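Visitor: Please see the structure below; I have some questions.
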Amino acid sequence: MSAASSPAARGDRFNRIIVICTRQIGDVLLTTPLIHAARERWPDAAVDVLGFGGTLGMLRGNPDVAELIEVPAGSGWWASRRLIARLWRRYDLALIAQYSDRAHLYGFAAARRRAGQVTDEPKSWWKRALLEHRVRMNDDQSHSVVEKLRLLAPWVEPRGASLVAPPATPLPDEIAAALRPPYAVLQAPAAVAYKLWPLAHWRELVAALVERGLQVVLTGAPSAGDKALVDSVRSGFAADRVLAAAGGLDLNQVGTLLRGAAVYVGGDTSITHLAAACDVPVVALYGPINPRYFGPWPSNATLDVPYVAHARVQRAGKVTLLQGTPACVPCDRAGCEDRNDSASVCLQTMAPARVVAEVDRIVGRAAERQ
């Protein structure tokens, strides 16, 4: 870490700590090394986590977390007043792992001592003023995991970091009975259009995997959009060779499924990060987002950034990360038109043959070891 812990900070004792991560499911998972490091530093402390409703499933059963506190989905400040009253000075330390106004106001309400992520924007002056320890957002293009760990810099200096995946729970009987190893798990849906690989590419990949003797399991959320995409990918394939599990598993069960997979393929999604946390072979398809900051974090990694901004193929631990070839990659925009429903040429032009070649490399090596 960038700063050594001070003698005064090493003597600090906190009995109640709150970690605030008001963002998406994948961001919550990338916060687990911070949560774990806080528990290691203060083993007798209760560490609670606050996040948006529907995003905290990644922490269900996490042994480092005492309580999950959900901000009701879609609630504004007026609707959140009861939560603010509930939080008021209940904690000794707030670790604000998000730079938004709301996250910092929750942190201010929760604890007198606060460490948080901030930007250098002039309008963020009040956030910087409220913090005892500030972590400037991505001033050296560190990975999100490392950046969040810097919230603990005054108190501890971690040497490495591993994501903490949700503990495994049994699969539904109908899915467990249908599995025929070796199988591949594919996550075709994404939360936004600019992270989507084309449907035709997914179908070509599925055909290649089935031809190679792999069963394919298609995961996704319970939403109508995810189910429709999974059904389109699956259409025309034998039901026993290509299984649809969209909406049929919670995140603990997805972890169970992933741990038994020969390989996982997915885009820049929370399930891709979960697959990396489960230490299974991952092929990640990245478009406009810079993997230096948000690439899948490999198991038992050091705190060195595991990726460069752009390369056709990058490997870190069991993660293989593929990027498109256009010179603009990564643009860190919301697709080519910079909006959530935009396509990304870098993903549209990523040939399925590249992905199949990586699966062949991974599965072939696994077969050689048997």
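Visitor: Mind pulling the angle between the C-alpha long axis of helix 352-369 and the longest principal axis of the chain? Nearest 10 degrees, somewhere in 0 to 90.
Guide: Approximately 90 degrees, to the nearest 10.
Visitor: Treating the stretch 170-267 as a set of equal point scatterers at the Cα positions, no solvent, please give the Debye-formula log₁₀ I(q)/I(0) at q = 0.22 Å⁻¹.
Guide: Values returned for q = 0.22 Å⁻¹ are -1.19.
Visitor: Once phi is turned into θ = phi - 60°, what whole-Hz ³J(HN,Hα) does the Karplus curve with 6.51, -1.76 and 1.60 give for every residue of the stretch 284-294, x standing for Gly and Pro?
Guide: With the stated coefficients, the stretch 284-294 comes to 9, 9, 10, x, x, 7, 6, x, 4, 9, 9 Hz.
Visitor: Let me ask another. Restricting to the chain, what percent of DSSP beta bridges are antiparallel, rounded to 5?
Guide: Antiparallel: roughly 10 percent of the beta bridges in the chain.
Visitor: Could you tell me the distance between the Cα centroids of the stretch 207-260 and the stretch 121-182, to the nearest Å?
Guide: If you average the Cα positions of each part, the centres end up 27 Å apart.
Visitor: In this model, which of Lys195/Lys318; Lys148/Lys318; Lys148/Lys227; Lys127/Lys227 are farther than 29 Å apart at the alpha-carbon?
Guide: Too far apart for the 29 Å limit: Lys148/Lys227; Lys127/Lys227.
Visitor: Answer with one residue from Phe237, Trp42, Pro166: the one whose Cα lies farthest towards the positive end of the charge dipole of the chain, charges on Cβ with Lys, Arg +1 and Asp, Glu -1.
Guide: Farthest towards the positive pole: Trp42.
Visitor: Check Ala161: other-chain or 5+ apart residues with amide H under 5 Å from its amide H, H built from backbone geometry?
Guide: Here the answer is Ala301, since their amide H atoms fall under 5 Å of that of Ala161.
Visitor: Taking amide H positions as placed in the peptide plane 1.01 Å from N, state which residues far from Ala343 in sequence (5 or more) or on other chains have amide H under 5 Å from it.
Guide: For Ala343, whose amide H was placed from the backbone, the distant partners under 5 Å are Cys336, Glu337.
Visitor: Charges at C-beta only: +1 for Lys and Arg, -1 for Asp and Glu. How large is the resulting dipole of the stretch 248-370 about its Cα centre, in Debye rounded to 20?
Guide: 360
Visitor: Compactness ratio of the stretch 29-172: Cα Rg over 2.2 N^0.38 Å, N = residue count?
Guide: Numbers: Rg = 15.3 Å, N = 144, 2.2 N^0.38 = 14.5 Å.
Working it through for the stretch 29-172, the quotient is 1.05.
Visitor: Could you grab the Rg to Rh ratio for the stretch 173-369? Cα atoms only, Kirkwood for Rh.
Guide: In the stretch 173-369, Rg relative to Rh is 0.94.
Visitor: Given Ile289, His273, Ala115, which one lies farthest toward the positive end of the charge dipole of the chain, if we put +1 on the Cβ of every Lys and Arg and -1 on the Cβ of every Asp and Glu?
Guide: Ala115
Visitor: With a cap of 12 neighbouring Cβ atoms within 10 Å, and only residues DSSP puts in a loop, list the trypsin sites (Lys or Arg not before Pro) found in the stretch 136-213. Intermediate results must be reported in sequence, preceding the final value.
Guide: Working: sites: Arg136, Lys148, Arg150, Arg159, Lys195, Arg203, Arg212; in loops: Arg159, Arg212.
Here the sparse-neighbourhood loop sites are Arg159.
Visitor: Now, a different point. Tell me, Val49, Val65 in order of fewest to most beta-carbon neighbours within 10 Å?
Guide: Lowest count first: Val65, Val49.
Visitor: Turning to a different aspect of this structure: Under the rule of at least 5 residues apart or a separate chain, name every residue whose amide H is placed under 5 Å from the amide H of Val242.
Guide: For Val242, the qualifying residues are Val216.
Visitor: So how do His273, His143, His310 line up by other beta-carbon neighbours within 10 Å, fewest first? Walk me through the numbers on the way to the answer.
Guide: Numbers: His273 29, His143 24, His310 19.
Fewest to most other Cβ atoms nearby, the residues stand as His310, His143, His273.
Visitor: Give me the net charge for the shell around Cys21: Cβ to Cβ below 13 angstrom, other residues only, Lys and Arg +1, Asp and Glu -1.
Guide: On the way: positive: Arg23, Arg102, Lys148; negative: Asp27, Asp48, Glu70, Glu147.
Computed value for this residue: -1.
Visitor: Hey, what do the phi angles of the stretch 14-31 turn into as Karplus ³J(HN,Hα) couplings, whole Hz, using 6.51/-1.76/1.60 and θ = phi - 60°, x for Gly and Pro?
Guide: 10, 8, 9, 10, 10, 9, 10, 9, 8, 8, 9, 4, x, 5, 4, 4, 6, 8
Visitor: Also: Angle, helix 101-110 long axis vs. longest principal axis of the chain, Cα atoms, 0 to 90°, nearest 10?
Guide: 50
Visitor: Using Cα atoms only, what is the angle between the long axis of helix 224-234 and the major principal axis of the chain, expressed in degrees (0 to 90) to the nearest 10?
Guide: Helix 224-234 and the main axis of the chain meet at about 30 degrees.
Coordinate-derived values only; no laboratory data. What you see is a predicted model; the values in this text were computed from it and never measured. All Cβ positions, glycine included, derive from the backbone under ideal geometry; neighbour counts span all protein chains shown.
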